[in-house]
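Visitor: Have a look at this one before I ask anything.
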Amino acid sequence: MVPFAGYEMPIQYEGIVAEHTWTRESASLFDVSHMGQLALKGENAAHELEKLLPGAISNLKPGKMRYSMLLTEAGGIIDDLMVTNTGPHLALVVNGACKWEDIAHLREHLPDEITLTHFDDFALLALQGPKASEVLEAIIPGTAALTFMTAGLFEYASGHIWISRAGYTGEDGFEIAVHNSAVQKLVDALVADERVKPAGLGARDSLRLEAGLPLYGHDLDKNIDPVSADLTFALSKKRREAGGYFGHKAVAARLADAAAGTLATRRVGLKLDGRMPAREGAEVFAGDAKVGHVTSGGFSPTLGYPIAMAYLESAYTAEGTALECEVRGKRLSATVTPMPFVPHRYYRGS
């Protein structure tokens, strides 16, 4: 157990590699209650939120979700988050280490008529893996009908819980918002199924790395923009052109740089030779020239070799580019490779 964002968090239960592998093969239960669960309600809430996010929120239909980011005026990423249209309100799930700053930012910039609620009396569970759907359907009927990036309200333990088909492992799975009074019952029911085992932060990190998913505070921060972070899929075409959100001018300039081939740096994947991983902070070289640094790295249990995410000078980001990572005074051979390292297995429907 380690302290994180005001919580005591489990690194591992039986071992990071064992939990990682179980998630890929069966189903693992992660307690992610440290995440911030927020709600925005009021007339034109979606329109007002769009002034702070680069994504399209106004056209988000009830039960649909979207990945987006809070940005500074300079285009830096304050946090990345999920937005869901629940029908009565917009639900936001933000990173645990950023939630208080996010709440302050939202309250400062949203008009007074938009109500912001922090659901600190709700836990958040992530059930992830190829067997997650059949496990959850047996306990809460109807959940198997959800598809990736959709959500709905379900009955459980004489109350309601909000379930979304999403997660941060690259596997099929669900995130479950459940009141604190009912969470123990649900956890007990889930881990009573032999297909489910608990998993900690260690496996969550190695899984998201294999899935090529950036982690705020490591691969993303206020000095990094969405274009350099290779997150342009979250910038809808209409909003790229129309703007109207914090940081639009800076993001538009980075998009122009990318189109012209003059973007300074970009987040890419690296495959390393041997078995020694390059961790966060390791410098990346092309010959004698330092051309970037690693922001996340580790040994991939699925692939059997080390992988990493790095920000590199754009001239060195082409697939197949041969580079070196410096680790403990040694140079490790590395090759630029596409992400995700392990293909996503999200359920998008039959």
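Taken together, the values in this text are just the output of simple stated rules run on the coordinates, not laboratory data. On a predicted model such as this, the values are computed, not experimentally measured, just so you know. With ideal geometry, Cβ positions are generated from the backbone for all residues, glycine too; neighbour counts draw on all protein chains shown.
Visitor: At R0 = 45 Å, how high is the FRET efficiency between ALA259 and ALA5 if r is their beta carbon distance? Nearest 0.05 is fine. The partial results should precede the final answer.
Guide: Working: r = 38 Å, r/R0 = 0.84.
Result of the calculation: an efficiency of 0.75.
Visitor: What is the sum of charges around MET9, taking Lys and Arg as +1, Asp and Glu as -1, for the other residues whose C-beta is under 13 Å from the C-beta of MET9?
Guide: On the way: positive: ARG204; negative: GLU8, ASP31, ASP205.
Around MET9, the charge tally is -2.
Visitor: Now a separate question. When you have a sec, figure out the Kirkwood radius of the stretch 279-350 from all distinct Cα pair distances and drop it here in Å to one decimal? Please report the intermediate quantities before stating the final value.
Guide: Values: mean 1/r = 0.0758 Å⁻¹.
One decimal place: 13.2 Å for the Kirkwood radius.
Visitor: Now for a separate question. As a footprinting exposure proxy, order ILE11, ILE57, ILE140, ILE176 by other Cβ within 10 Å, with the fewest listed first.
Guide: On the way: ILE11 14, ILE57 22, ILE140 18, ILE176 26.
Ascending number of Cβ neighbours within 10 Å: ILE11, ILE140, ILE57, ILE176.
Visitor: Pairwise over distinct Cα atoms, reciprocal of the mean inverse distance: report the Kirkwood radius of the stretch 2-210 in Å, one decimal place. Don't skip to the end; give the middle numbers.
Guide: Values: mean 1/r = 0.0568 Å⁻¹.
Result for the stretch 2-210 stands at 17.6 Å.
Visitor: Follow-up question, since we're still on this one. So what is the relative contact order of the chain, in percent, for Cα pairs below 8 Å that sit 6 or more residues apart? Working shown, then result.
Guide: Values: 786 pairs, mean separation 66.6, N = 350.
Averaging sequence separation for qualifying contacts and normalising by length gives 19 percent for the chain.
Visitor: Any idea how far apart GLN184 and ARG275 come out in nm if each label point goes 7 Å out from Cα toward Cβ?
Guide: 4.4
Visitor: OK, next. Hand me the GluC sites (Glu not before Pro) from the stretch 108-159 located in a DSSP loop with no more than 14 other Cβ atoms within 10 Å, in residue order please. List each step's numbers first, then the result.
Guide: Details: sites: GLU108, GLU113, GLU134, GLU137, GLU155; in loops: GLU113.
Those satisfying the criteria are GLU113.
Visitor: Just in the stretch 1-72: which trypsin sites (Lys or Arg not before Pro) are loop by DSSP and have at most 16 other Cβ atoms within 10 Å?
Guide: Numbers: sites: ARG24, LYS41, LYS51, LYS64, ARG66; in loops: LYS51.
Qualifying residues, ordered by number: LYS51.
Visitor: Also, quick follow-up: Run the simple label-point estimate for LEU116 and ALA289 please: 7 Å along Cα→C-beta, distance reported in nm.
Guide: 4.4
Visitor: Report the calculated FRET efficiency for VAL17 and VAL191 (r = Cβ-Cβ distance, R0 = 25 Å), to the nearest 0.05.
Guide: Values: r = 20 Å, r/R0 = 0.79.
That pair, VAL17 with VAL191, gives E of 0.80.
Visitor: Starting from the Cα gyration tensor of the stretch 10-100, multiply each eigenvalue by 5, take the square root, and state the resulting semi-axes largest first in whole Å. Don't jump to the answer; show the numbers that get you there.
Guide: Working: eigenvalues 187, 52, 28 Å².
In descending order the semi-axes read 31, 16, 12 Å.
Visitor: Something else about it: For LYS222, list the lysines whose Cα falls under 22 Å from its own Cα; do not include residues on the same chain fewer than 8 positions away.
Guide: LYS51, LYS99, LYS249
Visitor: Given Cα pairs under 8 Å that are at least 6 residues apart, what percent is the relative contact order of the stretch 2-210?
Guide: Numbers: 422 pairs, mean separation 60.0, N = 209.
Reported as a whole number, the value is 29 percent.
Visitor: Sticking with this one: Would you calculate, for the chain, the mean residue ellipticity at 222 nm contributed by helices, counting each DSSP H stretch of 4 or more residues as -39,500 (n - 2.57) and dividing by all residues, to the nearest 500? Intermediate values should be presented prior to the final figure.
Guide: On the way: 8 runs with 76 residues, N = 350.
Estimated from H runs of four or more residues: -6500 deg cm²/dmol.
Visitor: Sticking with this one: Mind checking Rg over Rh on the chain, alpha carbons, Kirkwood formula for Rh? The partial results should precede the final answer.
Guide: Values: Rg = 20.4 Å, Rh = 21.1 Å.
Ratio value, two decimals: 0.97.
Visitor: Another one. Rounded to whole Å and sorted largest first, list the principal axis extents of the Cα atoms in the stretch 232-337.
Guide: 48, 32, 22
Visitor: On to the next question. If you average 1/r over all unlike Cα pairs in the stretch 78-199 and invert the result, what Kirkwood radius do you get in angstrom? Intermediate values should be presented prior to the final figure.
Guide: Numbers: mean 1/r = 0.0642 Å⁻¹.
Kirkwood hydrodynamic radius for the stretch 78-199: 15.6 Å.
Visitor: Let me ask another. Note the full-extension length gain between HIS218 and LEU153 as 0.36 nm times their separation in residues minus their Cα-Cα distance, in nm to one decimal.
Guide: 20.1 nm
Visitor: Measure off 7 Å from each Cα along the Cα-to-Cβ vector at LYS51 and LEU303, then give the distance between these two points in nanometres to one decimal.
Guide: Each label point is offset 7 Å from its Cα along the Cβ direction, giving 4.3 nm.
Visitor: Count neighbours as other Cβ atoms within 10 Å of each site's Cβ, and list the GluC sites (Glu not before Pro) in the stretch 169-245 that are DSSP loop with at most 16 such neighbours.
Guide: Values: sites: GLU171, GLU175, GLU194, GLU210, GLU241; in loops: GLU171, GLU194.
Sparse-neighbourhood loop GluC sites (Glu not before Pro): GLU194.
Visitor: Relative contact order for the stretch 193-336 using alpha-carbon pairs under 8 Å, separation at least 6, rounded to a whole percent?
Guide: Dividing the mean separation by the residue count of the stretch 193-336 yields 22 percent.
Visitor: Per 0.36 nm of contour for each residue apart, how much would the distance between GLU73 and HIS160 grow if the chain were fully extended, relative to their Cα-Cα spacing?
Guide: Values: separation 87, 0.36 × 87 = 31.32 nm, distance 3.84 nm.
Extra length available between GLU73 and HIS160 comes to 27.5 nm.
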